[in-house]
1. Does residue 78 fit the bill of being basic (Lys, Arg), touching a residue at least 60 places away in the same chain (Cβ under 8 Å) and more than 24 Å from residue 187 (Cβ to Cβ)?
2. Give the stretch 30-49 a look and list any residue that's of a type in the set (A, V, I, L, M), in contact (Cβ under 8 Å) with a residue 24 or more places away in the chain and surrounded by 16 or more Cβ atoms within 10 Å (Cβ to Cβ), or say none.
3. Taking the condition closer than 16 Å to residue 122 by Cα, in a loop (DSSP other than H, G, I, E, B) and modelled with pLDDT under 95, does residue 209 pass?
4. State yes or no: is residue 8 modelled with pLDDT of 95 or more and assigned to a helix (DSSP H, G or I)?
5. When only residues in the stretch 141-154 that are out of contact with any helix residue (DSSP H, G or I) (no Cβ under 9 Å at 6 or more places or on another chain) and without any contact (Cβ under 8 Å) to a residue 40 or more places away in the chain count, which is surrounded by the most Cβ atoms within 10 Å (Cβ to Cβ)?
6. Just one of 138, 157 is of a type outside the set (D, E, K, R), more than 22 Å from residue 93 (Cβ to Cβ), surrounded by 12 or more Cβ atoms within 10 Å (Cβ to Cβ) and without any contact (Cβ under 8 Å) to a residue 40 or more places away in the chain; which is it?
7. Is it the case that some residue within the stretch 1-15 is surrounded by 17 or more Cβ atoms within 10 Å (Cβ to Cβ) and out of contact with any strand residue (DSSP E or B) (no Cβ under 9 Å at 6 or more places or on another chain)?
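The values are calculated or read from the model by the stated rules, or taken from the named source; none is laboratory data. Bear in mind that the values here come from a model prediction, so they are computed numbers and not experimental data. Heads up, the Cβs are rebuilt from the backbone with ideal geometry, glycines too, and the neighbour counts pull from every protein chain shown.
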Amino acid sequence: MDRLNPYLRKLPVWAVYLAGALPPMVWLWMGATGRLGVEPISALEHKLGEAALQLLILGLAVTPLRRHLGLNLMKFRRAIGVLAFFYLSMHLLVWLLLDVQIPQQIWADIVKRPYITVGMAGFLLLLPPALTSNNFSVRRLGPRWRSVHRLVYVGVVLGGLHYLMLAKGFQIEPLIYLTIIGVLLLLRLQVQRKRQPGLPEPRNSLKQV
């Protein structure tokens, strides 16, 4: 897979942002024109939420892909994280504005429905890393920046749990996502254990998500 690296180095980051921003627009158009089935709002919510989870998992996989397979996506890790939060925000907005619509019902659902509680907690945990995914925050926060971006690990787990709890009946797909998340976090933990205390980490500006 390292043969792809020369091509990836030539790919501009803005192209990743552009490509990532297109699917939600297509899905909105499909929903508005009746191409998302009999429940277009639910289908749109599902597509946005699943895409957000997939991008979050891809962000976790960047380091293992480079270390074990030689595929270097480090250049795009910030873009992957920002796009993941963009999809997650769109997922939340569709739920708020198109699905529930009633403000009083929104809070009631967050409190009474565990899968919504878990999903909202994951969103709130991912908010600080998303807001600090810029060079100014790296300089401003210094070493604390990495601590803020470790919230991503918990946020991804909660996202996987949200998907599992949302699924009706036994479905293998949410379990696959949770398994991949668990494996990636274990790999991350192994790397941290191997590092010798006192040695500085490599500089990976804005590549935690």
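1. Against the criterion (basic (Lys, Arg), touching a residue at least 60 places away in the same chain (Cβ under 8 Å) and more than 24 Å from residue 187 (Cβ to Cβ)), residue 78 does not qualify.
2. Across the stretch 30-49, the qualifying residues are 44, 48.
3. Considered against the rule, which asks whether it is closer than 16 Å to residue 122 by Cα, in a loop (DSSP other than H, G, I, E, B) and modelled with pLDDT under 95, residue 209 comes out as yes.
4. On the way: modelled with pLDDT of 95 or more: no; assigned to a helix (DSSP H, G or I): yes.
So residue 8 fails the test.
5. Our first condition is that a residue be out of contact with any helix residue (DSSP H, G or I) (no Cβ under 9 Å at 6 or more places or on another chain); within the stretch 141-154, this holds for 142-144, 146.
Adding the requirement that they be without any contact (Cβ under 8 Å) to a residue 40 or more places away in the chain leaves 142-144.
Details: 142: 9, 143: 8, 144: 11.
So, considering only residues that are out of contact with any helix residue (DSSP H, G or I) (no Cβ under 9 Å at 6 or more places or on another chain) and without any contact (Cβ under 8 Å) to a residue 40 or more places away in the chain, the one surrounded by the most Cβ atoms within 10 Å (Cβ to Cβ) is 144.
6. Within the list 138, 157, the selection yields 157.
7. no
Each row is one residue, and each column tells you yes or no for (1) more than 26 Å from residue 64 (Cβ to Cβ); (2) in a helix (DSSP H, G or I); (3) under 18 Å from the mean Cα position of the chain (by Cα).
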position: 3; (1), (2), (3): no, yes, no
position: 21; (1), (2), (3): yes, yes, yes
position: 25; (1), (2), (3): yes, yes, no
position: 31; (1), (2), (3): yes, yes, no
position: 34; (1), (2), (3): yes, no, no
position: 38; (1), (2), (3): yes, no, no
position: 42; (1), (2), (3): yes, yes, no
